[in-house]
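The values are calculated or read from the model by the stated rules, or taken from the named source; none is laboratory data. The structure displayed is predicted, hence computed values, not measured ones. Neighbour counts run over all protein chains shown; Cβ positions are idealised from the backbone, glycine included. For the accessible areas, the whole protein counts, side chains as well, though only heavy atoms, and no ligand, DNA or RNA atoms are used. Shrake-Rupley method; radii C 1.70, N 1.55, O 1.52, S 1.80 Å.
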Amino acid sequence: ASRLLPNLGSFNKYSDVGYAGLWGYTAPDAKEYALLGIRSGLSIVDVSEINNLKEVAFISNIKSSIWTEVKAFKNYAYVVKDSANVGLQIIDLSDLPRSARVVNTITAYPKIHTLWVDAERELLFLNGGSGHNTKIFSLKDPVHPEEISSFVDNPYVHDMFARGNRAYLSEIMSQSFSIYDISDILNPRLIKRVYEEDAPYISFHNSWTTFKYLSIS
């Protein structure tokens, strides 16, 4: 039998605007925040007290989009919006809960649909939108990511997940997902592409592993 998870707290300040992506961020002082994608920007919510959820900062966008995706790396948030031509926003979170601010905006790819951060390898992946194939950036300098590589032979990628030396790409409109060897990040190598002929046209939306590493020959 299914069981409902208990609702420990609620935050619904932007119900009239609409929500998109969500991610978590833990500050150096162990305080926890929700990075909540809003169609008009990014809401940063202090969730350290479940009965007292409160917004501590809001980063607005000039253009609204139904797609807002966010990931965190070190003391920064990375925000993308497909269809809004705002590129990649990099937000400094180090002064929370007092404030947060945009410290860089990268517009080489104005429309980005989703993103993934591999914190262990200090890598940023950008999917969909303006760039047909997935772009890979180094986060050695978190404020100024450097584009270093891409998955050059893949179809349109909606979302992805990377762990260890493997990347899993969800190719939403191709009835497929692919697995890449990224041990050499400058030359990602396709291991296998899996097709599902019976899948609908819009399929393989995203992916995630349930184990630490996968070995495929």
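Which of the residues belonging to the range 99-136 are closer than 12 Å to residue 78 by Cα and over 13 Å from the mean Cα position of the chain (by Cα)?
Of everything in the range 99-136, those that are closer than 12 Å to residue 78 by Cα and over 13 Å from the mean Cα position of the chain (by Cα) turn out to be 101, 102, 103, 104, 105, 106.
Restricting attention to the range 22-36, which residues are closer than 17 Å to residue 119 by Cβ, open to solvent by less than 40 Å² (accessible area, probe 1.4 Å) and in a strand (DSSP E or B)?
Answer for the range 22-36, where residues must be closer than 17 Å to residue 119 by Cβ, open to solvent by less than 40 Å² (accessible area, probe 1.4 Å) and in a strand (DSSP E or B): 25, 33, 35.
Can you pull out every residue in the range 37-69 that is within 24 Å of residue 159 (Cα to Cα), part of a strand (DSSP E or B) and either among the charged types (D, E, K, R) or touching a residue at least 40 places away in the same chain (Cβ under 8 Å) (or both)?
Selection gives 37, 42, 44, 59, 69.
Among what's in the range 51-87 and is closer than 16 Å to residue 99 by Cα and among the β-branched types (Val, Ile, Thr), pick the residue that is surrounded by the fewest Cβ atoms within 10 Å (Cβ to Cβ).
So the residue we want is 56.
Restricting to the range 88-102, give me the number of residues that are surrounded by 15 or more Cβ atoms within 10 Å (Cβ to Cβ) and touching an Asp or Glu at 6+ places or on another chain (Cβ under 7 Å).
Residues flagged as surrounded by 15 or more Cβ atoms within 10 Å (Cβ to Cβ) and touching an Asp or Glu at 6+ places or on another chain (Cβ under 7 Å) within the range 88-102 amount to 2.
Restricted to the range 20-37, and to residues that are within 15 Å of the chain's Cα centre (by Cα) and modelled with pLDDT of 90 or more, which residue is nearest to residue 66 (Cα to Cα)?
Checked the range 20-37; the qualifying residue nearest to residue 66 (Cα to Cα) is 37.
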